[in-house]
1. Let me know the mean shielding of B:343-350 by other chains, meaning the per-residue number of their Cβ atoms within 10 Å of its Cβ.
2. Ranked by Cβ crowding within 10 angstrom, fewest neighbours first, how are B:Met431, A:Met102, B:Met345 ordered?
3. Would you mind checking the radius of gyration and Dmax of region A:23-121 based on alpha-carbon positions, in Å?
4. Based on Cβ point charges of +1 for Lys and Arg and -1 for Asp and Glu, what charge dipole magnitude is obtained for region A:23-121 about its Cα centre, in debye rounded to the nearest 20?
5. Would you calculate the separation in nanometres between label points at B:Glu214 and A:Arg81, each defined as 7 Å from the Cα along the Cα-to-beta-carbon direction?
6. Any chance you could run the full-extension gain for B:Met345 through B:Met331? It's 0.36 nm times the residue separation minus the Cα-Cα distance, nm to one decimal.
7. Please label the shape of region B:358-405 as rounded, prolate or oblate, based on the square roots a ≥ b ≥ c of the eigenvalues of the alpha-carbon gyration tensor (a/c under 1.5 means rounded; beyond that, a/b larger than b/c means prolate, else oblate).
8. Taking the Cα atoms of region B:240-446 alone, what are Rg (to one decimal) and Dmax (as a whole number) in Å?
Amino acid sequence: MHCQTKGSWGSYMPTTAVVIGDPLERIERLASENAVVIFSISSCCMCHAIKRLFCGMGVNPTVIELDQDPRGSDMEKALIRLLGASPAVPVVFIGGKLVGAMDRVMASHINGTLVPLLKQAGALWL
Amino acid sequence: MANHRVGETGLTDSGPSNHHHDISYAVLHGMNVPTSFIHQEGPAFGFGELEEAMVLQGVKTRNDEAKAPLFTTGRPAATLEMFPSWPMRFQQTPRGSSKSGGESTDSGSAVNTISSKTEIQLEQDSPSSTKKTTPLDHQQKMASDISRTGTSQNQSIAELPHEKRRGSTSEKQLDAKTLRRLAQNREAARKSRLRKKAYVQQLESSRIKLTQLEQDLQRARSQGLFLGGCAGAGGNISSGAAIFDMEYSRWLEDDQRHMSELRTGLNAHLPDSDFRIAVDSYISHYDEFFRLKAAAAKADVFHLITGMWTTPAERCFLWMGGFRPSELIKMLISQLDPLTEQQVMGIYSLQHSSQQSEEALTQGLEQLQQSLIDTVAGGPIIDGMQQMAVALGKLANLEGFVRQGDNLRQQTLHQLSRILSVRQAARCFLMIGEYYGRLRALSSLWASRPLESMMSDDHSCQTTDLQMVQPSQNHFSNF
């Protein structure tokens, strides 16, 4: 990614979230490193769908496969806590900000808010 | 003629005699006489006790014998109703029974005791005792010997009609009451048998009717005539699917109501504010539909994903357990004129984004299918149980895809209502409703079209008394 938006970590996380240590911090850090970050599991088909969605839009997302990461299971648990629901993946961060799981991503695409968000994050050009 | 005089009633049929014979047979051969036969005697569960009870309580025994048919028909309770005064009689019987017991102890075995007592009564009571079935004849002969020696019993015959309630001797009293009771027992037994016969006949006819109905149903299902048609070839439908089908048909009725509301509103050129309410309620109506589908996806995802809840024509265009949003928009675009430029852009971008989402979900589902194929095909490493467990885990993901499909559909409808003006939205929803109504009507027409192959069958597959799509038939008037 050429244009990477960075910012302080704290403001991007919901105020209700408690920084419980490494997993969440790592998630935040990874999320802010790239415009579009998808947390995924390689065998998950819905993750595949969401990757196809972004690629179909011309976006090149950064994908973090939790099953291939040594601290993946901790991060998975942290994501569940963050989302307030299972499954943990797929979950999308754009511009370091949490967008949500598949249903939120699709809803925002349908109601036309996804594309501006991507443009703002520098993931999409006209 | 119907003769209910004491002792004669039950003699014309062979029933009680037969059953009496059965019980004697059972006792003779030391079989376990089942508990309910003797339950009225109290704790006499063993054969020895039974024998004793029979000997000592001759009247009671006779009663129970006569009740035996009822027992064998499984309805001992019916007998009790026949003897409202039984408890009273019970107190009197021991006196009498001991005498009659003493009378026939010559025979020694309980069998003869039972048979002799009963036979004595039977023989004395009716000149037509010879009408009884042959197996009893030997018992009768045995009994008749004893009976001829028992003068007191002979006396009781004459006194029978008059001395039901009183008798100078306890034996006479015994006989009268016993006879009456016996006769009542027989009558009850006969009635019980008739009831049973009627019931069984009723069951049989119901069974035949049921199989016929099932056959009709199967034929209808294969034609897909049923609205929200029940599950496929097996004819089995899960409860989740059945519930959804029911709720869906109710939803369709509601849909009709909403649509006629919108129609009359449009025709009457109501002010926009009125339409706002109607449009919002229509959106809520669709939200309700997606809620129902979410519950159904959890209960029985296959029912949704195979489209068994829809009609064949709708099923043809099925995508991820429902309609394809981009197709719907394509259908609407031409009919929604006039639109402002902004609205046109909004609609086209909606169509575009829904197409992209559909493509993404389709690819995700394809990957799931491929993964499932790989699992089910198996390999040398995986054992059967594990293979199934893995496959089951993968199947569980289907629900997620159907849910996302419904989510997409719901979001599309919401976005449409945002892009369009209130009046346009009303027209739009009406068009959607009518479109699917026509598809359903098409399904019905298709199924009921005359075919050469069907002509030879009986016409149950073409009958209109099968539940055709009722709502869609109303549509014809609107086209």
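1. Numbers: counts 0, 0, 0, 1, 0, 0, 3, 4.
For this peptide, the per-residue mean of nearby foreign Cβ atoms is 1.
2. Values: B:Met431 17, A:Met102 27, B:Met345 12.
Least to most surrounded, the residues fall as B:Met345, B:Met431, A:Met102.
3. 12.4, 37
4. Rounded to the nearest 20 debye, it is 260 debye.
5. 5.6 nm
6. Details: separation 14, 0.36 × 14 = 5.04 nm, distance 1.60 nm.
Going from the current span to full extension adds 3.4 nm.
7. In terms of gyration-tensor shape, oblate.
8. Rg and Dmax of region B:240-446, Cα atoms, are 19.5, 71 Å.
Values quoted throughout were computed directly from the atomic coordinates according to the rules given, and no laboratory measurement underlies them. All figures in this text were calculated on a predicted structure; none of them were measured in a lab. Cβ sites come from the backbone with ideal geometry, for glycine too, and all protein chains shown count toward neighbours.
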